[in-house]
Amino acid sequence: MARFVIFVCILGISILGYAQETKNVTFDSPFDFPLLLSANFGELRPNHFHNGLDIKTQGSVGKPIHSVAEGYVSRIMVLHGGYGQAVFVTHPNGFTSVYGHVVAFAPEIQEYVRTYQYEHETFVCDIRLDASVFPVERGEVIALSGNEGASAGPHLHLELRRNDNGDYIDPMPYFKKYLTDTKAPVGQWLCLYPMRGRGVVNGSSEKKIVSVKNLQQQSFSAWGQIYAGISGKDYMDGTNNFYGIHSVTLYVDSMKVFSSVTNEVSADENRMINAFVDYDELIRSRRLFMQSYKLPGNTLRLLQVDNHRGVITIDKEKDYYFCYELEDNFGNKRNYRFIVQGKKQDIPDPQDEGNQILRWNSNNIVQEPGMEWIVPKGVLYDDAVLDTHVEGDSNSISFSYCLDAGNIPLHKYSTLMIGIRHKPIVDTTKYYIEQKVGDRVSSVGGTYADGWIKASIRSLGTFTVAVDTVAPRVTPIGEAGWRASRNIRFRVSDGETGIADYKVYVDGKFVLFGLKKGILVIQDPQKIQRGVPHEMEVIVTDGCGNETRKQYNF
C-alpha cells in the first residue's frame, strides 16, 4: 500500500507540474458557429480510446476550420482510412492541435501537398515540416471540414497532443466554455466477476450481468475474490448523441477501490483499452463493460487501484456496500448503489482446457510440427491457457494451426512461422499466411525464407499458408461519361491479400487518384483536358505482387 501511495504522489506531482505550466493556456473555437459534439475524448472504440473531440459540422462538408491558437503547420497526413486528411498545428503553449477528416487544406498547404504527391506519385503521405514553412495565426483558416477516411458522417476530429511526449490530452477542459452539459452519465449494465478459482458469485464461477434498471430488485451473494464492472453512456444538451464516461469510481464500504479518469493517453497505451474493457463480453455481445480491475500486464495510467488491483475479498458473512460514481467533464454525477451479501460458498477449482500456459510477464514459445509462435513479454495482459491443435493433411501446402486461448486480447505483435510442405508454384512471393476467425478469412501477410512463411499477428485464430496468384479486380464506373464529366472512378477489390498499391497515368503522365471505401477516385479532374481524346493506364497491385494493368481510351 505504501508503494502505491508513493507512486500516486509522484504521478500527481508530475501531472500537477504540467498542469501549472499549461493552466493559462486558452484555445479559440475551430468554427464560427455553436459547437455540438458527436463524440468525446476517451470514448471506448475498437482497440483504442477515442483520442479527441468529434465536432458536428451541421450535416455538411466544407466548413472553414480556424486554428485554435497561433503556431505553425508541423505535419500533414493523407491516408486511405483513419484521419483521411489531417493537418497538425504545433503551438508555443506546449500543445499540438490536430484537425482530421478534412476535405481540403488551405490553398497554400493544398498546393504543397499536391506537389509532394505528384513528385512521389503517391496519394498517401505523411509530411513533417519545420516552423518556417507555414506559420499560422490564431483564428487563421487552415482547412475545410469533411468526411474523409474512417468517418461515418461530416465532422471535425479535433485533438490536442502534448509537445513534450506526444500524449493525447482531453481537449474538453479547453473547449467546454463553448458547450453546455447539464446531464449526468447513465449506467446501463452492471457485472460482478468471480476471480477464476478464487471466488464465486451467487454460487457460480460465471460472471453475473444485470441491468441497472433492475439493480435494486437484484440480490447478490459472493465468497472469495471478486471484482466489478459497469457499462454506461454520457449525454449532453442540445443533441441526442451519447458519449464515453469521463470518470468512474467504485467504493466498497465507503473505501475507494478503483477509479478511472480519462484525461491523457499515450499511443503505446491506446490498445490497452482491451484490458480495461471486458474483452470477452465485447467479442460475444458487443457490450462495453469498464472493468474495475487492473490486469497485471495493464499499465494504463488513467486507472488507479490499490495493491489489490481492484479485487474485493468477500471473507465475512456480512453485507458489503458497493457504490459506483459516474461523472462527466462538467461535474454531473450519478451514483449506483447495491449490496453484495457475504455468504460462504464452495469455490470450484478451475477446469483448464488447454495444453500450455502463456505467462504475461515472460517470453513464451509455442511449437507444433511445422509451426512456431513466439510470444514476447508484453504481448499478454494476464496469464492465459492456450489450446493448440493441428488440422489438414499431408497433401496441403501446410498444416492448419488453431491457436485458441478464448477471447483474449494481444497488446503487441508476435511472430508466427509456418513451414511449407508442398510448393504448388515456384514463385515464393505468392505465399502468405491466412487467418480464419469464425467465418471471417483474412491475410496477415508474410515473407518466405528457407521453407517457412513468417508473419506478425496480433489476434488468435486458425492459421495456414495460402497462395495468391489472382490479380486485383478493376471495374470502371460511368465510363461513358468520363470525357464530359471528367469524374473518373474505378471499383477495385482483392479477395485474398488486399490492395497494396495503385497508380494511374493519363497520356503517359501520373494523375492523382485516391482510394476511398473501395473506389479509386480522381483527385484533380482539371488535369484532364476537355474535348481531347485521352489514353489512360490503371495499375493496381495486391499484397503478393499480383498486378492488374488496364488501358482505356476516352
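The values are calculated or read from the model by the stated rules, or taken from the named source; none is laboratory data. These numbers were taken from a predicted model, which means no experiment stands behind them. A quick note on method: Cβ atoms are made from the backbone with ideal geometry, for glycine too, and the neighbour counts reach across all protein chains shown. Heads up: the accessible areas ignore ligands, DNA and RNA and are worked out on the full protein's heavy atoms, side chains in. Shrake-Rupley method; radii C 1.70, N 1.55, O 1.52, S 1.80 Å.
The table below lists the values:
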{"quantity": "Residues of the range 406-453 satisfying the condition of being touching an Asp or Glu at 6+ places or on another chain (Cβ under 7 Å), crowded, with 16+ Cβ neighbours inside 10 Å and among the hydrophobic types (A, V, I, L, M, F, W, C)", "calculated": "Met417"}
{"quantity": "Sole residue being outside any helix (DSSP H, G or I), buried (at least 18 other Cβ atoms within 10 Å of the Cβ), touching a Pro at 6+ places or on another chain (Cβ under 6 Å) and among the hydrophobic types (A, V, I, L, M, F, W, C), chosen from Val73, Val68, Val98", "calculated": "Val68"}
{"quantity": "Hits in the range 206-220 - residues which are in contact (Cβ under 8 Å) with a residue 24 or more places away in the chain and either crowded, with 19+ Cβ neighbours inside 10 Å or of a type in the set (Asp, Glu) (or both)", "calculated": "Val212, Phe220"}
{"quantity": "The range 231-250, residues that are within 19 Å of Glu281 (Cβ to Cβ) and over 22 Å from the mean Cα position of the chain (by Cα)", "calculated": "Leu250"}
{"quantity": "The range 222-259, residues that are within 30 Å of Leu37 (Cα to Cα), among the hydroxyl-bearing types (Ser, Thr, Tyr) and not in a strand (DSSP E or B)", "calculated": "Thr239"}
{"quantity": "First in the range 317-340 and free of Cβ contacts under 8 Å to residues at least 40 places away in the same chain and open to solvent by 40 Å² or more (accessible area, probe 1.4 Å), second anywhere and of a type outside the set (Phe, Trp, Tyr) and assigned to a loop (DSSP other than H, G, I, E, B), Cβ under 8 Å, 6 or more apart", "calculated": "Glu317/Lys343; Glu317/Lys344"}
{"quantity": "Of all residues in the range 516-528 being modelled with pLDDT of 95 or more and part of a strand (DSSP E or B), the one that is nearest to Gly495 (Cα to Cα)", "calculated": "Ile519"}
{"quantity": "Condition broken by Ser151, with the remaining ones in (1) within 20 Å of the chain's Cα centre (by Cα); (2) open to solvent by less than 10 Å² (accessible area, probe 1.4 Å) satisfied", "calculated": "(2)"}
{"quantity": "Out of Gly238, Gly224, sole residue that is in contact with a Lys or Arg (Cβ under 7 Å, 6 or more places away or on another chain) and at positive phi", "calculated": "Gly224"}
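Here's the yes/no breakdown for (1) open to solvent by less than 30 Å² (accessible area, probe 1.4 Å); (2) over 27 Å from Ser442 (Cα atoms); (3) under 29 Å from the mean Cα position of the chain (by Cα); (4) in contact (Cβ under 8 Å) with a residue 40 or more places away in the chain:
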position	(1), (2), (3), (4)
Trp482	yes, yes, no, yes
Val492	yes, no, yes, yes
Ala500	no, no, yes, yes
Lys509	no, yes, no, no
Lys516	no, no, yes, yes
Arg530	no, yes, no, yes
Val540	yes, no, yes, yes
Asn546	yes, no, no, yes
